[in-house]
Amino acid sequence: MSAPEIPKPRPANVPGRARLERVTVVLPWDLDPRLSAFPRTPRDGQLVVLETRAKPLALPFHRQKLALVVSALRHFVAERRAAGFVVEHLVADDYATGVTEMIAWAKPREVHAMEPREWAIDRRFRTLPITLHADGGPGGHFLGSREEFLAWARGRKVLRMEHFYPRMRRALGVLVDQQGRPTGGQWSFDTENRKHARGVEVPAIPWIAPDEITRAALRFAARAGRWGTLEPFGWPVTRADALGWLDDFIRGRLERFGPYEDAIRTDARFLFHSLLSVPLNLGLLHPRELVDHAVEAYRARRLPLASVEGFVRQVIGWREFIRGIYWHLMPGLREANQLAATRPLPAAFWEPERTELACLRDALASVRDTGYTHHIQRLMVICNYSVLAGLDPRAVSHWFWAAFVDAYEWVELPNVVGMGMFGTDAFTTKPYVASAAYIQRMAGGPKAAPCASCKFDPSKRTGPDACPLNAMYWDFLRQHRAEHARNPRMRVLLQNLDRMKPAELAQIRASAEAHRASLAPLDPPWSFEEDAG
Ligand code: FAD
């Protein structure tokens, strides 16, 4: 694969040209000039924007992800130059080598960077002569610092998002009164957010037509990419695009975000979700902006609290919690596999039509076509199937990292290995597993797709036309009965399991094993380099 078409490094500080003196190194997710490592004016310092040859090759990234990152970075370079800054845009073998080479030829007085968000890059940057700025708290991308989270986590026996979240609400003064009590009298309205969305009218997503910079990035991704549908491509790649998307979400979708948060619709894949993880994770938006806009809309337009609180919880609760968990549990999190699941990834993950389960096929096709599915499809369709089928959590994590346009290790790894695959119980109480009944309910009943258009019957546990999720679900409970018995939240399910007759259990086991055995891996011609970059 050839390297991206971007400018070659200049040989050295050239007399008569702007010199690199106080340099800020910019990684692809640092696209926010308000971050503390950035110079405030062109006189205060220069920027070195880095791309690497190692990163695009590290995983079989979705073509839209490659186009997204390259386009957003190039737009950022153009915008900073237009604002009068000296910007060197370099391609190096990896980020640390890029910094070392730049220091050797430019001999800057000072080098600054934000703390890298990826564990391996962070470790390498800490060996270099760089002043690293905290990526959380004032001047950072995240709302809290790594140290604050680690101090909170160290003092606790159990790590739960619901304990962390009120603390964030109070610290940030979001939806709390003067005494620190939650607006509406409770911290979470999650139990009100469980409706299906069958027949509900869903607004269109304001996809953005590619400009010349994005078209060049699409050409690069067409050559360099190995997987995923490239076009249509409409993701936001500038701050202006991202602000437009934020506004569109707040105006048109936030009101119904809450009740339909867990719904599944095959004909309206994005439902009322914000899709803002994509610009947010690149730094084109700051999480505080999302929260402030949502709270402002709650006050000005009297939007339902359950929707606004639900959205706020995702951004200042889940997102910050997950990022803290990443730094708390790395590097061991990559290998966490408490269920000892070892089955390789089935071919359908790369070629969705190879599964006959309509729910899984639709979720995987959404990822192939756009690099996105919403939370409940990630958790309760793709990961649910993966846990029940006994797939290796690390293989599933690699796939998520490569396949999603908003995926970076700090966010996909805890979500996939911890929450989705139950590879560790460090921060979740029980596996998120469900039978076909759950999918059918969240889709809107027996007449709704995907179950209505599936070859399998969601009401049957065994037999050739029974939904494989059912047999695998009960067989999973049987297999891990001893571990689950210690968990009070599993008691009712285990009582149901215990009521089954031995002959039925034997049939369930045989059906589950037959389905698992039928899963052929694709064995793709690529490897996964977690530490690359
Ligand atoms: P919305 O539903 O509109 O939610 C609003 C915002 O809340 C999101 O943009 C996101 O920034 C934040 N958020 C919500 N839940 C989480 C969470 N669990 N962790 C972190 N942020 C959260 N999110 C990613 O950004 N990148 C990933 O690679 C990623 N992988 C995931 C893998 C699995 C198995 C699961 C279960 C979740 C994953 N998530 C990931 C979290 C969540 O699913 C996505 O953030 C969300 O679906 C993005 O779509 P959205 O912007 O429309 O979200």
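The values are calculated or read from the model by the stated rules, or taken from the named source; none is laboratory data. Here the structure is a predicted model, which means the values were calculated and not measured. Virtual Cβ from ideal backbone geometry, glycine too; neighbours counted across all protein chains shown. Note: accessible area is taken over every heavy atom of the protein model, side chains too, but ligands, DNA and RNA are not part of it. Shrake-Rupley method; radii C 1.70, N 1.55, O 1.52, S 1.80 Å.
Summary table
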{"read-out": "Number of positions in segment 292-329 that are within 20 Å of Pro259 (Cβ to Cβ), among the β-branched types (Val, Ile, Thr) and more than 8 Å from the ligand (Cβ to nearest atom)", "value": "3"}
{"read-out": "Number of the exception - Ile264 against (1) within 15 Å of the ligand (Cβ to nearest atom); (2) more than 20 Å from Ala78 (Cα to Cα); (3) open to solvent by 10 Å² or more (accessible area, probe 1.4 Å)", "value": "(3)"}
{"read-out": "Hits in segment 394-422 (condition: near the ligand (Cβ under 6 Å from one of its atoms) and either touching a residue at least 40 places away in the same chain (Cβ under 8 Å) or in contact with a Gly (Cβ under 9 Å, 6 or more places away or on another chain) (or both))", "value": "Phe400, Phe404, Asp406, Ala407, Val411, Asn415, Val416, Met419, Gly420"}
{"read-out": "Any chance Trp318 is in a helix (DSSP H, G or I), open to solvent by 20 Å² or more (accessible area, probe 1.4 Å) and under 25 Å from Val174 (Cα atoms)", "value": "yes"}
{"read-out": "Any hit, segment 337-348, residues being more than 15 Å from the ligand (Cβ to nearest atom), in a helix (DSSP H, G or I) and open to solvent by less than 20 Å² (accessible area, probe 1.4 Å)", "value": "yes"}
{"read-out": "Filter result for His374 (open to solvent by 10 Å² or more (accessible area, probe 1.4 Å), touching a Phe, Trp or Tyr at 6+ places or on another chain (Cβ under 9 Å) and not aromatic (Phe, Trp, Tyr))", "value": "no"}
{"read-out": "Selection within segment 442-465 - out of contact with any Cys (no Cβ under 9 Å at 6 or more places or on another chain), more than 23 Å from Glu261 (Cβ to Cβ) and in contact (Cβ under 8 Å) with a residue 40 or more places away in the chain", "value": "Ser453, Lys455, Thr462, Gly463"}
{"read-out": "Residue within segment 378-391 that is open to solvent by 30 Å² or more (accessible area, probe 1.4 Å), more than 12 Å from the ligand (Cβ to nearest atom) and either part of a loop (DSSP other than H, G, I, E, B) or in contact with a strand residue (DSSP E or B) (Cβ under 8 Å, 6 or more places away or on another chain) (or both) present", "value": "no"}
{"read-out": "Residue list for segment 362-377, filter: more than 15 Å from the ligand (Cβ to nearest atom) and more than 22 Å from Gly225 (Cβ to Cβ)", "value": "Asp362"}
{"read-out": "Filter result for the condition that a residue is open to solvent by 10 Å² or more (accessible area, probe 1.4 Å), modelled with pLDDT under 95 and part of a helix (DSSP H, G or I), over Arg223, Arg299", "value": "Arg223"}
{"read-out": "Any pair with Cβ under 7 angstrom, 6 or more apart, that starts in segment 266-290 at a residue that is farther than 12 Å from Phe142 by Cα and ends at one that is charged (D, E, K, R) and not in a loop (DSSP other than H, G, I, E, B)", "value": "Thr266/Asp362; Phe272/Arg256; Leu284/Arg239"}
{"read-out": "Residues satisfying the stated conditions in segment 496-516, i.e. loosely packed, with under 12 Cβ neighbours inside 10 Å and either over 35 Å from the mean Cα position of the chain (by Cα) or touching a residue at least 12 places away in the same chain (Cβ under 8 Å) (or both)", "value": "Asp498, Arg499, Lys501, Pro502, Ala503"}
{"read-out": "One residue from Pro236, Pro287, Pro279 being within 19 Å of the chain's Cα centre (by Cα), open to solvent by less than 30 Å² (accessible area, probe 1.4 Å) and away from the ligand (no atom under 11 Å from the Cβ)", "value": "Pro236"}
{"read-out": "Unmet requirement for Arg40, which otherwise passes all of (1) touching a Lys or Arg at 6+ places or on another chain (Cβ under 8 Å); (2) at pLDDT 95 or above", "value": "(1)"}
{"read-out": "Residue pairs meeting the criteria (Cβ under 7 Å; at least 6 apart or on separate chains; first under 23 Å from Arg302 (Cβ atoms) and touching a residue at least 60 places away in the same chain (Cβ under 8 Å), in segment 239-258; second open to solvent by less than 10 Å² (accessible area, probe 1.4 Å) and outside any helix (DSSP H, G or I))", "value": "Gly258/Asn193"}
{"read-out": "Test: residue in segment 517-525 that is at positive phi and either open to solvent by 60 Å² or more (accessible area, probe 1.4 Å) or under 27 Å from the mean Cα position of the chain (by Cα) (or both)", "value": "yes"}
